[in-house]
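One structure is given here, and the rest of the page talks about it.
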């Protein structure tokens, strides 16, 4: 799996890769590049379909929202104004999670990894309740 959004990324994944992974952008933003990957894969005569993956940050429950924001702002603090965009983009409701699953599926993603932003195991149960 290769990440990135350049022509070199496509060249690398066609030569050595099994697919492409987006770096956490929403489906609307990363979907067009996923289409480019699939088109290049087919044009290169690669067998089957490439894996197309992304990750999504999440925290579920009002009790987790502030800790989630704090964590992401700290982790991405070095990015200046871009850090708050990431922190504010985390999925924080069941409806946001469901909408993201549908949007990535509609964009042709084959894998979606949910990355909890709160260090509580109950987040896994809350996510399971939201998507299963």
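Each reported figure results from applying straightforward, stated rules to the coordinates on display, with no laboratory input. Since we're looking at a predicted model, the values are computed, not measured.
Shape class of region 1-71 from the alpha-carbon gyration tensor: prolate, with a/c at 1.5 or above and a/b greater than b/c. Roughly how tilted is helix 62-75, in degrees to the nearest 10 and between 0 and 90, from the longest Cα axis of the chain? With rounding to tens, the tilt is 60 degrees.
With an 8 Å cut-off on Cα pairs and a minimum separation of 6 or more residues, tell me the relative contact order of the chain in percent. In percent, rounded to a whole number, it is 28. Computed from Cα atoms, the angle from the helix 94-106 axis to the main principal axis of the chain rounds to 0 degrees. Remark: relative contact order (region 65-132) = 34 percent; criterion is Cα-Cα distance under 8 angstrom and separation of 6 or more residues.
Over all pairs of different C-alpha atoms in region 44-114, the reciprocal of the mean inverse distance, the Kirkwood hydrodynamic radius, equals 13.7 Å. From the coordinates of this entry, volume of the Cα convex hull per residue in Å³ is computed, and it appears in (i) 147; (ii) 116; (iii) 107 under the label (ii). At full extension, residue 79 and residue 11 could sit 21.7 nm farther apart than now, given 0.36 nm per residue minus the alpha carbon distance.
Relative to the longest principal axis of the Cα atoms of the chain, the long axis of helix 7-16 makes an angle of roughly 70 degrees. For the chain, the mean residue ellipticity at 222 nm estimated from helices alone is -17000 deg cm²/dmol, where every DSSP H run of n ≥ 4 contributes -39500 (n - 2.57) and the total is divided by all residues, rounded to the nearest 500.
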